[in-house]
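Asks: Dumping the structure here so I can ask a few things about it.
The values are calculated or read from the model by the stated rules, or taken from the named source; none is laboratory data. As the structure is a prediction and not an experimental result, all values here were calculated from the model. Cβ: placed from backbone, ideal geometry, glycine included. Neighbour counts: every protein chain shown.
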Amino acid sequence: MPTTESADNDQLFVLTAVLLTPGQFPSVLGDDYPEVCAGLGLEPYAEGYGLVLGQDGGGARWTVVTEDVSLVACAIAAWDCGMEYDLSPGEGSIVAALPGWPLALAVSAPGVPAPHDPERQEGEPAPLCPPDAEEWGPAQRRLGADEIALQWAVWREQVDGEVTFAEPGDEAHEGVRRVLKEARGYLAEPPPPGRVRSSFAAGEARTLRVDGPGWSMVARTDDIAFVLLDEEPGEVHPVGRGPELPGLLSSLDELAARPV
């Protein structure tokens, strides 16, 4: 679990941290890296940032932005292994201390008041708050795609046997046709960083996450794809392999951003 510093309004109880890079960022916050950075008031530098979420000694929520991406990546890796790690970015690496949290947290620091937004001074920006993911929309659509990527085997088993859809899968569906056309367009005109991301999968395959205006696609380079659309709440459209999808996925993987 994250370690904390001694309580004092000028210090921070660290609750969690996330990476904000072209290849890895909280999908709920946007379709691509520049969009997420813009929402936080940050420049979309290629090196990326680490976001440290915590509370001050008075319990107020703060998001500390650091340029020390490696430090944050090491802390996250240690916590994932159940190890303690004192995440204390050096002052010289801190880009900003933003009021509020951009993500919803179910934890709080012990021994301080319950999490709350700091008192807003005149001229200061409104505190950060998580996107509304209660109703279907871009944030919920992206969270749905995250879940499919995380639980690929479960979702894949729901598709009966070998996929038998006509190429490319559910192409008879107008929304799916639009998604595939826009995804192919990325090959001719690369999209903003982070619209196409690639991560490890079983064997030599890669898991692709491709996003665009109003849609998300999750795919395995050795398998099928799933498409989610803003205009169809909760619907997931499988897209079969066929003769064209493998080449499209392979080409998207070549231009994809990768995690740190």
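Asks: Give P213, P191 a once-over and let me know the one that is in the same structural domain as L248 (by TED's automatic domain parsing), at pLDDT 95 or above, surrounded by 17 or more Cβ atoms within 10 Å (Cβ to Cβ) and out of contact with any Lys or Arg (no Cβ under 7 Å at 6 or more places or on another chain). Let's see the steps before the verdict.
Replies: On the way: P213 fails: surrounded by 17 or more Cβ atoms within 10 Å (Cβ to Cβ).
Just a single option satisfies the conditions, and that option is P191.
Asks: I would also like to ask the following. For region 36-45, check the following and say yes or no: at least one residue is of a type outside the set (A, V, I, L, M), at pLDDT 95 or above and surrounded by 18 or more Cβ atoms within 10 Å (Cβ to Cβ).
Replies: yes
Asks: Check V95, V112, V69 and return the single one that is closer than 16 Å to T16 by Cα, in the same structural domain as L12 (by TED's automatic domain parsing) and of a type in the set (V, I, T).
Replies: Values: V95 fails: closer than 16 Å to T16 by Cα; V112 fails: closer than 16 Å to T16 by Cα.
None of the other options fit; the residue is V69.
Asks: Could you say which residue among L208, L249 is part of a helix (DSSP H, G or I), at pLDDT 95 or above and among the hydrophobic types (A, V, I, L, M, F, W, C)?
Replies: Working: L208 fails: part of a helix (DSSP H, G or I).
The unique qualifying residue is L249.
Asks: Among the residues of region 133-153, is any touching a residue at least 40 places away in the same chain (Cβ under 8 Å), over 24 Å from M217 (Cα atoms) and among the charged types (D, E, K, R)?
Replies: no
Asks: Of all residues in region 172-188, count the ones that are of a type in the set (D, E) and surrounded by fewer than 16 Cβ atoms within 10 Å (Cβ to Cβ).
Replies: First, the residues of region 172-188 that are of a type in the set (D, E): 174, 182.
With surrounded by fewer than 16 Cβ atoms within 10 Å (Cβ to Cβ) added as a condition, the list becomes 174.
Result for region 172-188: 1.
Asks: A follow-up question, please. State yes or no: is I148 of a type in the set (V, I, T), surrounded by 14 or more Cβ atoms within 10 Å (Cβ to Cβ), in contact with a strand residue (DSSP E or B) (Cβ under 6 Å, 6 or more places away or on another chain) and not assigned by TED's automatic domain parsing to the domain that holds D31?
Replies: Details: of a type in the set (V, I, T): yes; surrounded by 14 or more Cβ atoms within 10 Å (Cβ to Cβ): yes; in contact with a strand residue (DSSP E or B) (Cβ under 6 Å, 6 or more places away or on another chain): yes; not assigned by TED's automatic domain parsing to the domain that holds D31: yes.
It is true that I148 is of a type in the set (V, I, T), surrounded by 14 or more Cβ atoms within 10 Å (Cβ to Cβ), in contact with a strand residue (DSSP E or B) (Cβ under 6 Å, 6 or more places away or on another chain) and not assigned by TED's automatic domain parsing to the domain that holds D31.
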